[in-house]
Amino acid sequence: MRKTGILFPLLSCILLLFQGCFEIVEKIDLHDNGSGSFQFIVNMSKSKTRLNSILKMKTINGRPVPTRTEITQKVDEIKNELSKCKGISNVSGSVDLENYIATVKCSFDKVENLNLAFRKVAIKQKAKSTDVQDSYAYQLSPKIFTRLANFSLKTEYDKLSNADKEVFNDAGYTGIMRFDSEIQSAGNADSKLAADKKAVMLKQSILDIITKKKSIENTITLIK
């Protein structure tokens, strides 16, 4: 898919292999100095019964069905690539093939290195370097964190068969951003602030994101 952020290179490693409902959860814990931790989860547990059947097949909709080993190897590949990146530490990755939940976690010393690490992962997964854009930005002064949405997926989505498009019908995205400081404002109108004003949650339909009816872009201004 063209002009991607990290969300969809990671997603494409696992999706379009199956037909079923899924949920993406993206978590960022950001300290005032710009360091923090990242977590990315693909949860397909709602389609557990269907996926158990699919894994017994060789192909679906003309696509080869990966083995359990191949799925695990794909997540390990992402984890190992992240581990090699400057400014990235505490990398872990796991696949629960009983409940179909894949998770990748890491810590970062600054947002710029997180973007660079994701770029390397995307390129490793066959994305063109010119198509991979930054996912995040952070200004120390004033304290402003931005979840960017520098990607366009509609053209590639339109090329999919109707069967493949069904993967996205009930898919959802949840972004959770947590901070040391209180949040002054969040630019995305769909944002929900936590009671302590130190976290913001954004939930969107994946299909709405693809068709640009909604966006995951959010500019969060923190109290100095």
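Nothing in this text is a laboratory measurement; each read-out follows from the coordinates by a stated rule. Remember, predicted model here, so these are calculated numbers, not experimental data. Glycine gets a Cβ as well: all are built from the backbone with ideal geometry, and neighbour counts include every protein chain shown.
What full-extension length gain, to one decimal in nm, is calculated for TYR157 and ILE223 as 0.36 nm per residue of separation minus the Cα-Cα distance?
19.8 nm
Rounded to the nearest 10 degrees, what's the angle between the helix 111-124 long axis and the longest principal axis of the chain, both from Cα atoms, 0 to 90?
20
Mind ordering 30-43, 138-151 by average Cβ neighbours within 10 Å, highest first? Each step should come with its number before you reach the end.
Working: 30-43: 18.2, 138-151: 16.4.
Going from most to least packed, we get 30-43, 138-151.
Let me check against my output: what whole-number percent is the relative contact order of the chain, with C-alpha pairs under 8 Å and at least 6 apart? Each step should come with its number before you reach the end.
Working: 461 pairs, mean separation 56.1, N = 224.
With pairs under 8 Å counted, the relative contact order is 25 percent.
Would you mind counting up the charge near MET57? Only other residues with Cβ under 15 Å from its Cβ, with Lys and Arg at +1 and Asp and Glu at -1. Write down the numbers at each step before the final one.
Values: positive: ARG50, LYS56, LYS58, ARG63, ARG68; negative: GLU70.
That sum, taken over residues with Cβ under 15 Å, equals +4.
Please report the spacing between the Cα centers of the stretch 132-173 and the stretch 82-113 in Å, no decimals.
19
Assign one of three labels to the stretch 116-223, namely rounded, prolate or oblate, based on the Cα gyration tensor with a ≥ b ≥ c the square roots of its eigenvalues; rounded applies when a/c is under 1.5, prolate when it is not and a/b is larger than b/c, and oblate otherwise.
Since a/c reaches 1.5 but b/c is at least a/b, the shape of the stretch 116-223 is classed as oblate.
Which of the residue pairs LYS27/LYS198; LYS79/LYS120; LYS143/LYS212; LYS154/LYS214; LYS105/LYS203; LYS27/LYS86 have a Cα-Cα distance greater than 23 Å in the structure shown?
On the way: LYS27/LYS198 13 Å; LYS79/LYS120 12 Å; LYS143/LYS212 28 Å; LYS154/LYS214 13 Å; LYS105/LYS203 20 Å; LYS27/LYS86 20 Å.
Too far apart for the 23 Å limit: LYS143/LYS212.
How much length, in nm to one decimal, is gained on full extension between LYS48 and LYS192, taken as 0.36 nm per residue of separation minus their Cα-Cα distance?
Gain on stretching LYS48 to LYS192: 48.9 nm.
Angle check, please: helix 68-83 long axis (alpha carbons) against the longest principal axis of the chain (alpha carbons), in degrees 0 to 90, nearest 10.
Once rounded, one gets 30 degrees.
Among 172-179, 196-203, what's the highest-first ranking by average C-beta atoms within 10 angstrom per residue?
Per-residue Cβ counts within 10 Å, averaged per peptide and sorted highest first, yield 172-179, 196-203.
Can you give the translational diffusion coefficient of the chain in µm²/s, computed by Stokes-Einstein from the Kirkwood radius over Cα pairs at 25 °C and 0.890 mPa s?
136
Please give me the summed charge of the neighbours of THR103: other residues whose Cβ is under 11 Å from its Cβ, Lys and Arg +1, Asp and Glu -1.
Combined, the nearby Lys, Arg, Asp and Glu give +2.
Report the gain in length on full extension from LEU97 to THR67: 0.36 nm times residue separation, minus Cα-Cα distance, nm rounded to one decimal.
Separation in residues times 0.36 nm, less the Cα-Cα distance, equals 9.7 nm.
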